[in-house]
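Trainee: Would you mind keeping the following structure in view while I ask a few things?
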Amino acid sequence: MTHFRARGPFQCAPKGRTAWSRSGPLSQFMAVFLAWSLIGVSSLLAQQPKPTAYEVKAAYLYNFGKFVEWPAKVTAGNNEPFTICVLGKDPFGASLDATIAGEAIDGKSVLAKRISKPQEALNCRVLFISSSEDAQLKEILATLEKTSVLTVSDMSQFTRRGGMIQFVDDANRVRFEVNLTIAERAGLTLSSQLLKVAISARRNS
């Protein structure tokens with residue numbers, strides 16, 4: 001029997017291997033997602049509680065980094081950590097730090113960073129914009145317009161207002177939708193595997 005270990009919320013993999021790895025087949029990707037979404041972690045890991053919504057979202061933020069390709073101008077000669085930033089009031093608590101602890105993406109250690117101004121996000125790879133920043137969203141996205149920062153949020157109408165990935169509640173499960181036009185305009189390439197899991201992937205400005 002294969003033994004599993006919890007390496008952070010929404011991650012369960014054989015020891016020595018990370019779930020949702022780039023080398024893993026789509027079936028494994030979908031199996032992990034559907035298992036957590038439909039039957040809950042308690043059926044997979046004995047004596048482990050079902051993850052909270054923000055534990056699931058934290059795991060998504062980490063895995064988005066593994067299924068998005070950044071332009072060469074961002075990655076070439078860049079020895080900085082792979083930074084996942086949270087702008088505004090942090091809804092994750094310790095779950096984001098726990099999810100990325102000891103992890104790496106493309107050979108770079110993953111770092112969580114909390115910021116208070118959009119100008120501080122210019123060196124972030126993934127930026128979660130808290131709903132506390134709803135009133136300033138237009139200005140935030142304008143600041144990031146010519147960057148290659150992957151913008152993510154769970155605020156209402158985020159992808160219709162110029163954001164790239166929006167978390168949505170689908171029958172009490174955390175899902176997400178994508179605005180491909182905005183992501184591609186920033187030079188980002190989203191994996192077809194990621195898009196197959198999205199509930200929608202629209203092309204509009």
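Trainee: Anything in the stretch 59-78 that is in a loop (DSSP other than H, G, I, E, B) and either on the phi < 0 side of the Ramachandran plot or basic (K, R) (or both)? List them, or say none.
Mentor: Answer for the stretch 59-78, where residues must be in a loop (DSSP other than H, G, I, E, B) and either on the phi < 0 side of the Ramachandran plot or basic (K, R) (or both): G65, K66, F67, W70, P71, A76, N78.
Trainee: Oh, and also: Could you tell me how many of the residues in the stretch 83-124 are closer than 14 Å to L61 by Cα and hydroxyl-bearing (S, T, Y)?
Mentor: Count: 3.
For every residue, the table says whether it meets (1) outside any helix (DSSP H, G or I); (2) surrounded by fewer than 20 Cβ atoms within 10 Å (Cβ to Cβ).
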| site | (1), (2) |
| --- | --- |
| G163 | yes, no |
| F167 | yes, no |
| E177 | yes, yes |
| G187 | yes, yes |
| L195 | no, yes |
| N204 | yes, yes |
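Trainee: Quick test for you: out of V178, V168, pick the one residue that is in contact with a Lys or Arg (Cβ under 9 Å, 6 or more places away or on another chain), more than 19 Å from C124 (Cβ to Cβ) and in contact (Cβ under 8 Å) with a residue 24 or more places away in the chain.
Mentor: Result: V168 is the single residue among V178, V168 that is in contact with a Lys or Arg (Cβ under 9 Å, 6 or more places away or on another chain), more than 19 Å from C124 (Cβ to Cβ) and in contact (Cβ under 8 Å) with a residue 24 or more places away in the chain.
Trainee: For the subset of the stretch 37-72 comprising residues that are of a type outside the set (S, T, Y) and more than 21 Å from the chain's Cα centre (by Cα), which member is modelled with the highest pLDDT?
Mentor: P49
Trainee: Going through the stretch 153-205 one residue at a time, which ones are over 21 Å from V74 (Cβ atoms) and among the hydrophobic types (A, V, I, L, M, F, W, C)?
Mentor: Matches in the stretch 153-205: M155, F158, F167, V168, A171, V174, F176, V197, A198, I199, A201.
Trainee: Restricting to the stretch 86-104, name every residue that is in a strand (DSSP E or B) and surrounded by fewer than 22 Cβ atoms within 10 Å (Cβ to Cβ).
Mentor: A104, the sole residue that qualifies.
Trainee: Another question about this same structure. Would you mention how many residues in the stretch 122-161 are crowded, with 20+ Cβ neighbours inside 10 Å and farther than 24 Å from S191 by Cβ?
Mentor: 2
Trainee: Considering only residues of the stretch 122-161 that are in a loop (DSSP other than H, G, I, E, B) and of a type in the set (A, V, I, L, M), which is nearest to T52 (Cα to Cα)?
Mentor: Going through the qualifying residues, I end up with M155.
The values are calculated or read from the model by the stated rules, or taken from the named source; none is laboratory data. All values reported here derive from a predicted model rather than from experimental measurement. FYI the Cβ positions are ideal-geometry reconstructions off the backbone, even for glycines, and counts take in every protein chain you see.
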